[in-house]
Amino acid sequence: MHASAQLIASLTSVQARITQAARQAKRDPHSVQLLAVSKRQSAQAIRDLYNASRQIGGQAVSAFGENYVQEALAKQAELQDLPLEWHFIGPIQSNKTRDIAQHFTWVHSVDRLKVLQGLARAARTQAKVLQICLQVNISGEASKSGCAPEEVAALVEAAQAYQDVLCLRGLMCIPAPSTDEEVQSQAFARLADLQHTLQQAYPHWPWDTLSMGMSTDLEAAILQGSTWVRVGTALFGART
Ligand SMILES: *Cc1c(COP(=O)(O)O)cnc(C)c1O
């Protein structure tokens, strides 16, 4: 199959899965946004997906998620002619906060104070407002990134001092892999519950975003309220 025919097929299939899950959840399909996860994919693959989305009409896919700063910056430089919105979704080293603040609109993976402060200071220097999600280790996996659920409130408290440069939009999670849809749903429901609790305690933040669901579990995430599904493999195929 021609590369773009393959991409159009993958994209159409992912969009259909999103629409169907949203309908099943009695939600407006437009309330679920697609973040195309382009880590370890080429700049050309990103360009091809953007063009494929323009070709089939409807909402263009213009939001791309990246995990590695150097890799992302190189691709951004090649894609400056396109109106793309960049989301940082990977683990954050505190010495990378300046680059991340400068080159990304959204950061989904804020999980500790040092990173929150680093991003805020960098955003201030650059006179920029960053859209932030706090990443929560919702399945309690020992080796995984994300703060513990009981640590989230302290991060929200810390964010109060940076309301001029950080906009706290919501929570993000990567649950432990499971093929059991019930187990997937329970993890996503816990994140949604946590968000609800924070919304009551800190009503001045938007809390309009749940970043959850990937290629294999986006349906369960949408049923539990996801507003950004982060999809890589199902769009681009396996990463090299
Ligand atoms: C790689 C990655 C994804 C996409 O995973 P797929 O299974 O390829 O859809 C989503 N979110 C994060 C944080 C990732 O690192």
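The values are calculated or read from the model by the stated rules, or taken from the named source; none is laboratory data. Note that the structure is predicted; figures quoted are calculated from it, not measured. Heads up, the Cβs are rebuilt from the backbone with ideal geometry, glycines too, and the neighbour counts pull from every protein chain shown.
Name the one entry in Leu134, Leu218, Leu191, Leu210 that is within 16 Å of the ligand (Cβ to nearest atom), within 17 Å of the chain's Cα centre (by Cα), closer than 23 Å to Ser62 by Cβ and without any contact (Cβ under 8 Å) to a residue 60 or more places away in the chain.
Working: Leu134 fails: closer than 23 Å to Ser62 by Cβ; Leu218 fails: without any contact (Cβ under 8 Å) to a residue 60 or more places away in the chain; Leu191 fails: closer than 23 Å to Ser62 by Cβ.
Within the list Leu134, Leu218, Leu191, Leu210, the selection yields Leu210.
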Check: If you go through segment 11-31 one residue at a time, do you hit one that is within 30 Å of Ala154 (Cβ to Cβ) and either touching a Gly at 6+ places or on another chain (Cβ under 8 Å) or of a type in the set (A, V, I, L, M) (or both)?
Finding: no
Check: Name the residues in segment 141-188 that are at negative phi, in contact with a helix residue (DSSP H, G or I) (Cβ under 7 Å, 6 or more places away or on another chain) and assigned to a strand (DSSP E or B), would you?
Finding: Cys147, Leu166, Leu168, Leu171
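Residues in segment 221-240 that are surrounded by 15 or more Cβ atoms within 10 Å (Cβ to Cβ), in a loop (DSSP other than H, G, I, E, B) and near the ligand (Cβ under 9 Å from one of its atoms): how many? Show your work before the answer.
Step one: filter segment 221-240 for residues surrounded by 15 or more Cβ atoms within 10 Å (Cβ to Cβ), giving 221-232, 234-236.
Pick out the ones that are also in a loop (DSSP other than H, G, I, E, B) and you get 224-227, 232.
Among the residues that remain, those that are also near the ligand (Cβ under 9 Å from one of its atoms) are: 232.
Going through segment 221-240 one residue at a time, the tally reaches 1.
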Item checked: From Leu134, Leu191, residue being modelled with pLDDT of 95 or more and part of a helix (DSSP H, G or I) -> Leu191
Item checked: Residue check for Ile132: closer than 25 Å to Gln199 by Cα and out of contact with any Phe, Trp or Tyr (no Cβ under 8 Å at 6 or more places or on another chain) -> no
Note to self: Need pairs with beta-carbon distance below 6 Å; first residue over 16 Å from Phe88 (Cβ atoms) and of a type in the set (Gly, Ala, Ser) and within segment 164-184, second at pLDDT 90 or above and within 16 Å of the ligand (Cβ to nearest atom); sequence gap 6+ or separate chains.
What the structure shows: Ala176/Ser139; Ser178/Gln184
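Taking helices (runs of 4 or more DSSP H) that do not extend beyond segment 20-123, which have at least 3 residues that are within 16 Å of the ligand (Cβ to nearest atom) and in contact (Cβ under 8 Å) with a residue 12 or more places away in the chain? Don't jump to the end; show me each part of the working.
Working: elements: 43-56, 69-78, 97-103.
Hits in segment 20-123: 43-56, 69-78.
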